[in-house]
1. Which log10 I(q)/I(0) values, to two decimals, does the stretch 402-477 give at q = 0.15, 0.16, 0.17, 0.18 Å⁻¹ under the Debye formula with one point per Cα?
2. If you put +1 on each Lys and Arg Cβ and -1 on each Asp and Glu Cβ, how big is the dipole of the stretch 211-308 around its Cα centre, in Debye rounded to 20?
3. Counting heavy atoms of the protein chains only and a 1.4 Å probe, report the per residue accessible area for the stretch 57-203 as a whole number of Å².
4. Over the stretch 378-482, what percent of the accessible surface lies on carbon and sulfur atoms, probe 1.4 Å?
5. If you add up the charges near P173, with Lys and Arg at +1 and Asp and Glu at -1, over every other residue whose beta carbon is less than 13 angstrom from its beta carbon, what do you get?
6. Cα centroid distance between the stretch 453-481 and the stretch 279-351, in Å?
7. Counting each DSSP H run of 4 or more residues in the chain as -39500 (n - 2.57), what helix-only mean residue ellipticity at 222 nm follows after dividing by all residues, to the nearest 500 deg cm²/dmol?
8. What does the highest-first list of 392-401, 469-478 look like by mean Cβ count within 10 Å?
Amino acid sequence: VYLGAKTGRDGIHGATMASADFGEDAEAKRPTVQVGDPFTEKLLIEACLELMATDMIVAIQDMGAAGLTSSAVEMASKGGVGIELTMDDVPQRETGMTPYEMMLSESQERMLMVLKPGREAEAEAIFTKWELDFAVIGRVTDTGRMVLTFKGETVCDIPLGPLADDAPLYDRPHVPTPPAKALVDVPETKDIAADLLTLMASPDIASRRWIWEQYDHMVGSDTVQAPGGDAALVRVHGTDKAIAITTDCTPRYCYADPVEGGKQAVAEAWRNLTAVGATPLAVTNCLNFANPQRPEIMGQIVGCLDGMSQACIALDFPIVSGNVSLYNESKATGGGSAILPTPAIGAIGLLRDWRKNATIAFKDAGDIILVIGTRRGDLGQSLWLRECHGREEGPPPRVDLDRERKAGNVIRTGIAAGQLTAVHDVSDGGVAVALAEMALAGNMGAMIDRKQPHEGAAAFFAEDQGVYLVTVHDHALLDFLQAANEAGVEAEPMGRTGGKRLIFELPRADHAVTLDALRTAHEGFFPKLMGEDAALA
């Protein structure tokens with residue numbers, strides 16, 4: 001059974017376009033891009049959920065890459081059966097479509113379903129109610145072949161094996177990425193406040209408010225946390241549960257050390273979910289790389305997948321879906337360019353009681369600020385090194401997956417117990433940027449103690465992994481510290497909240513920056529980039 005929107009010519013060869021480089025003929029590839037309709041998608045989701053509440057469904061799959069071809073082949077192959085499709089019965093929104101076009105179209109909002117015999121009328125009534133197409137287009141067979149008919153003629157009759165499980169596997173030549181040289185002649189910060197302002201206005205860290213305020217992010221009134229925190233948090237309507245959602249990747253880490261970068265991408269997503277109080281459940285991915293026929297690029301792919309695998313196993317964080325986009329480079333006149341290795345991670349977690357969530361915002365003046373996790377102070381591949389000194393050097397920060405898991409468990413327990421008033425993981429820009437983001441979210445400053453495990457830039461701009469900033473009331477401090485100590489997780493005091501400035505006490509001089517200056521730097525990048533007239537009121 002075919003469900004959802006009608007089939008058009010949009011998206012034909014979309015899957016192969018996703019694995020092709022772009023030259024001067026890029027404009028001709030526009031028809032390969034699908035046209036999405038979020039409203040129809042919502043109707044399809046609701047109709048499918050209603051049908052899933054019955055016992056009618058034998059199997060179901062969405063029509064994704066390669067459209068009807070992939071869904072039909074994969075469903076039949078996984079079931080060890082064959083499939084026959086009558087192409088004349090496929091709902092079409094364009095005239096004169098050929099079976100070839102129908103099978104390869106990637107028109108959105110479509111599902112393929114196998115129903116129990118005799119239940120068609122019940123299922124069709126549900127989809128008619130939701131104003132979606134419902135068409136019986138074929139049947140399951142025992143032949144192990146895919147047979148297509150069109151206008152009374154057989155236009156395709158091929159075995160499923162070579163298209164699915166028996167398809168050839170590539171083992172492309174690959175070379176590992178050479179280890180990054182140790183960072184030498186490490187610079188020092190002359191003014192923490194000035195460097196922090198530079199980072200807050202940089203493309204990687206600047207506020208995305210200009211973008212997300214243009215969209216309705218409160219639809220259904222189930223948004224628990226507005227954008228700007230570590231993870232999106234959306235209540236499951238009519239329940240106490242909430243779903244936490246995040247995406248993450250740090251391509252510069254993956255380029256310097258693919259294995260460590262792959263680990264970090266997964267660990268960062270796991271950390272983002274943890275920081276709002278959610279239990280991480282599963283991962284999806286979008287693996288974006290350049291030309292895999294180049295051994296050094298294939299080496300990046302192999303390394304990133306190795307690192308991702310290590311992190312998923314150690315964190316009990318399985319990958320349940322994903323896709324791949326290769327050959328992401330151009331052949332423009334005058335030389336080509338390739339993207340950095342970007343194994344983008346999407347992840348989801350569960351909060352059983354949405355009320356027990358944490359945000360990044362400082363809450364009350366006088367709260368104690370703690371750093372949770374091990375701080376090594378390595379500045380390799382840091383944004384501070386790039387933005388303030390123009391250097392992209394050194395190995396990326398190491399990810400200790402055992403310590404990552406221990407620290408995350410302590411954080412989630414502290415949130416559930418109501419001990420923590422604010423939580424934010426440390427990532428791009430290090431502790432200083434995390435502090436600034438928490439201060440801006442809560443419109444409250446902080447006084448940072450001079451006693452730190454490292455000095456200067458290493459103390460404030462190192463992008464240590466598995467590290468969180470939290471705030472806690474005095475009365476809950478001892479209980480939380482005891483739990484951290486029992487788990488073998490480091491917890492160091494960093495300062496207290498209050499005022500309208502971030503003040504960094506240093507042995508030689510204090511450095512301070514106002515919240516107004518931080519907000520101007522942080523909020524100004526995108527409006528300026530898009531033109532002053534593009535800024536929203």
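1. Those come out to -0.57, -0.65, -0.74, -0.83, one per q.
2. Working: 6 positive and 11 negative charges, 27 e Å.
With Lys and Arg at +1 and Asp and Glu at -1, about 140 debye.
3. On the way: 8130 Å² over 147 residues.
Value for the stretch 57-203: 55 Å² per residue.
4. Working: 1670 of 3730 Å².
Reported share for carbon and sulfur atoms: 45 percent.
5. Working: positive: R172, R294; negative: D171, E296.
Neighbour charge sum, excluding P173 itself: 0.
6. Their Cα centres are 30 Å away from one another.
7. Values: 16 runs with 175 residues, N = 537.
When only DSSP H runs of four or more count, the value is -10000 deg cm²/dmol.
8. Numbers: 392-401: 19.9, 469-478: 18.0.
Ranking, from highest mean packing down: 392-401, 469-478.
The values are calculated or read from the model by the stated rules, or taken from the named source; none is laboratory data. A quick note: this is a predicted structure, and the numbers were derived from the prediction, not measured. A quick note on method: Cβ atoms are made from the backbone with ideal geometry, for glycine too, and the neighbour counts reach across all protein chains shown. Please note that ligands, DNA and RNA were not included when accessible areas were found on the heavy atoms of the full protein model with its side chains. Shrake-Rupley method; radii C 1.70, N 1.55, O 1.52, S 1.80 Å.
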